Amino acid sequence: MARADSVGAAPDTTDAPDATAQVLARAAVNAMEAAGGYAAGVYLRSPTAGLLLMAVFTGLPLQLFRPWWRMQVNRPYPVAEAYRSGQAVLLPDAESAMSRFPQLMAGLPFPFASLYEPVTAGTERFGVLVVLREATPGIPVGTADRERLRRAAEQLAADLTALAADGGRVLWEGDPMGVPAPPPEAGAEGARRAADRLAQAVLSLDREGRIGFVNTAAEELLGLDGPHLRGRLLWEALPWLGHPAYEDHFRAGFMSGEPVHFPARRGRHPPGQWLSVDLYPAADGVTLTLGTSAKPAYAPASRTRQGPDSDSDADADADMDVDLDVDGYADLDVSADEASALYRPVALAIALTEAVTARQVSAVVTEELLPAFGGRQLAIYLLDERHLYLAWETGFPQGFLNRFDGVSLDVRLPGVETLTTGRPMFFESMQHLAAAYPGIPLDADVGARAFLPLIASGRPVGSCILGFDSPRGFSPEERTVLTALAGLIAQALARARRYDNEVALARGLQSALLPHRLPVREHVDTVGRYLPGTQGMEVGGDWYDVVETGTGLLALVIGDVQGHGVAAAATMGQLRSAVRAFALSGSTPEQVVSGTNQLLIDLDPGQFASCCYMLLDPASGSVMAARAGHPQPLLRHPDGRTEVLDLAGGVVLGIDPEASYPVTELRLTTGSILALYTDGLVEKPGLDIDVGVERLRTALEAARPSPLAETADRLISEAGNTADRPDDIALLLASRTGGDP
């Protein structure tokens with residue numbers, strides 16, 4: 001769709017679908033006006049699963065928000081949260097934003113308010129409507145503003161639904177489209193004469209960065225006349241102000257409302273001239289002044305690209321003596337993605353703190369690091385017993401990296417030597433790589449590679465390879481940032497490996513404690529299923545069991561211990577053993593649950609668990625049930641009708657030593673199915689648990705009653721196919737196949 005090819009260029013919207021573009025542009029403008037904002041935009045789903053793209057934006061310079069054009073739905077940002085949860089996220093001030101989304105404020109540390117409304121129609125999620133406006137410290141977003149924003153999102157959802165019905169595209173590809181404001185007025189003649197009397201250069205900008213008024217001093221200083229400047233984006237007319245080092249200053253000026261002052265280096269008129277830049281923002285625009293200045297004590301660092309023969313950081317101290325004219329910034333050759341690299345390290349560092357497994361760390365690096373530097377290939381090798389093993393790859397030809405898997409540290413390869421020497425290695429072309437390592441297999445003839453050592457607290461962890469499709473230089477700043485990021489990645493991976501070891505221990509403990517087979521009894525079939533979670537510690541304290549009591553009855557048990565990991569699995573094992581002991585002693589359901597409650601309080605004060613215990617007579621079908629804070633079981637009758645049972649119950653185990661657990665009696669007729677489950681099967685983020693229970697009830701009602709194993713597989717299949725399960729799942733089915741009718 002829309003494209004924006006450089007930091008200072010306006011987005012090209014010529015290839016955006018007219019109908020979609022008009023709908024989105026209208027929605028952004030309407031939402032901005034409805035909520036009293038100064039900027040607004042729309043994020044839409046993209047063809048890439050789990051990726052939202054900014055589709056349109058209005059009210060502020062679009063290029064200043066390039067680091068946020070792409071948004072992974074699993075990232076801890078308000079846009080992603082609104083999309084995931086289906087609920088509005090309303091942040092009236094910087095304090096509320098910092099408390100809930102520190103990642104957002106790390107990149108935009110300015111006082112502003114932001115409102116995020118999901119764009120949904122039924123079960124269809126299109127994206128998120130965003131409005132930026134002035135902060136209201138301590139004052140929440142008002143009901144009227146919320147309702148107006150919600151109506152704007154509903155209208156956009158209706159328009160997109162209609163577009164989709166007509167065959168229009170409602171997924172976004174490429175860069176966002178800027179919605180321009182009306183052309184700025186040149187200003188009254190009296191104001192021009194007053195400003196022309198000033199010796200200081202003055203330019204007036206609208207809220208999107210377009211130049212309106214230009215005084216005579218500015219024309220003389222810049223060597224350009226007013227018609228050449230007016231109506232153009234500042235960074236188009238004066239490309240030297242588009243350097244990445246200045247982006248944060250402009251963000252501060254346009255978003256904070258406070259004056260901003262900084263030095264900037266311009267081109268060759270005269271050579272190397274430093275100018276003082278002052279921004280004075282207001283609600284209707286920004287006044288920019290320029291003045292001649294000596295070189296500041298701390299000038300912005302150069303981001304000039306190194307030449308093809310450069311193989312060191314010798315240019316790190318090079319000054320910004322670049323040969324520029326007013327129409328180009330070619331010698332800096334700074335890509336848009338490279339510009340965002342100045343801000344990506346913060347987002348990457350925060351995201352790495354939330355990644356707990358090696359796979360999650362690698363996924364974060366793929367999502368945050370590659371886009372920041374325009375990379376296309378990534379490989380991560382982990383060290384084990386003096387060998388490097390491939391842990392993650394993306395972008396390389398299938399099977400290419402297999403030849404390097406398990407390579408010894410004695411082999412001369414860049415991925416090995418970067419770790420053994422502790423020195424990052426940068427190759428600006430594949431020819432440079434081939435010359436440095438004759439005979440090394442290459443996956444491409446054209447491109448560039450960076451090899452980074454992964455070292456945490458002085459201990460080697462592995463190595464990281466970044467690949468680029470085209471030859472490119474690595475500026476001193478890029479090398480510094482990449483080396484620092486490699487240290488963060490190494491620390492996260494070292495932490496993740498310790499975590500993975502604990503997960504393996506917990507998984508083994510969980511597997512050992514769950515029943516490997518269930519007893520076979522006449523008149524009753526039982527089937528159990530367990531799935532670990534895929535987020536967090538993965539292995540939790542969910543369990544199920546079927547116990548043959550000494551009185552000929554069959555005890556059906558399901559429970560859920562709070563928490564995850566080794567501690568939860570160990571507690572689960574203790575509770576399962578306690579329940580079995582009580583059941584085998586002939587205790588009543590109330591005695592079993594009450595005794596287990598007291599045991600948990602004695603064993604681990606502060607730990608708690610839910611449980612459902614049912615005592616079934618296979619011959620008669622009579623059931624006595626006691627419940628401790630656990631989800632209600634389901635009962636499928638022989639005719640297919642399925643209901644959610646209403647069992648009396650008490651509080652969860654481990655809370656109250658005096659708690660009582662009343663018993664409910666019911667009867668399981670021949671052909672009926674009981675379904676006991678833990679909350680991981682019915683809970684989803686952003687959805688009420690009753691919705692999940694109803695979904696499970698409908699699935700059980702529609703399932704074939706036999707064989708019971710197929711029914712269990714069907715009920716758990718949806719959860720099993722979900723990539724992100726925040727909790728583990730246990731399911732126990734019992735079907736009465738005979739006995740008294």
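The values are calculated or read from the model by the stated rules, or taken from the named source; none is laboratory data. This one's a predicted model, so the numbers in the text were calculated from it and none came from an experiment. Note: ideal-geometry Cβ built from the backbone for every residue, glycine included; neighbour counts use all protein chains shown. Only protein heavy atoms, including side chains, enter the accessible area calculation; ligands, DNA and RNA are left aside. Shrake-Rupley method; radii C 1.70, N 1.55, O 1.52, S 1.80 Å.
List of remarks:
- Where the stretch 622-661 is the region considered: accessible area per residue in Å², 1.4 Å probe: 41
- From phi via Karplus (6.51, -1.76, 1.60), per-residue ³J(HN,Hα) for the stretch 657-666 in Hz, x at Gly/Pro: x, 9, 5, 10, 10, x, 9, 10, 9, 8
- The 3J(HN,Hα) values that the Karplus relation (6.51, -1.76, 1.60; θ = phi - 60°) gives for the stretch 98-105 are, in residue order, 5, 5, 9, 9, x, 4, 5, 6 Hz. Gly and Pro appear as x.
- Apportionment of accessible area to carbon and sulfur, the stretch 47-114, percent (1.4 Å): 55
- Computed over the stretch 361-403, Cα set: Rg, Dmax in Å: 11.4, 33
- Protein-only accessible surface order, largest first, of GLU33, GLU710 at 1.4 Å: GLU33, GLU710
- Accessible area per residue in Å² at 1.4 Å probe, computed on the stretch 355-443: 44
- Interchain or long-range residues, amide H under 5 Å from GLY447's placed H: MET430
- Between the stretch 95-113 and the stretch 218-269, the alpha-carbon center distance in angstrom: 26
- Carbon and sulfur %, accessible surface of the stretch 390-446 computed with the full protein complex present, 1.4 Å: 50
- Between ALA55 and VAL42, TYR43, LEU44, the built amide H atoms are under 5 Å apart, and every one of these is 5 or more places off in sequence or on another chain.
- DSSP bridge pairs, the stretch 573-653: antiparallel proportion in percent, nearest 5: 80
- In this simple spin-label model, placing a label point 7 Å from the Cα along the Cα-to-Cβ direction at both GLN22 and LEU603 gives a separation of 6.8 nm.
- SER585, SER362, ranked by accessible area, largest first (probe 1.4 Å): SER585, SER362
- Comparing Cα centroids, the stretch 47-62 and the stretch 633-707 end up 43 angstrom apart.
- Near the amide H of ALA113, within less than 5 Å, lie the amide hydrogens of ARG133, GLU134, ALA135, all on another chain or at least 5 residues away, with H placed in the peptide plane.
- In this Cβ point-charge picture (+1 for Lys and Arg, -1 for Asp and Glu), the stretch 613-732 has a dipole of about 400 debye about its Cα centre.
- Mean separation of Cα contacts under 8 Å, 6 or more apart, over the residue count of the stretch 13-107: relative contact order %: 16
- Ellipsoid semi-axes in whole angstrom, largest first, where each is sqrt(5λ) of the Cα gyration tensor of the stretch 666-711: 23, 12, 9
- Residue by residue, the stretch 445-459 carries 3J(HN,Hα) couplings of 8, 10, x, 9, 9, 10, 10, 10, x, 9, 10, 10, 6, x, 10 Hz when phi is fed to the Karplus relation 6.51 cos²θ - 1.76 cosθ + 1.60 (θ = phi - 60°); x denotes Gly or Pro.
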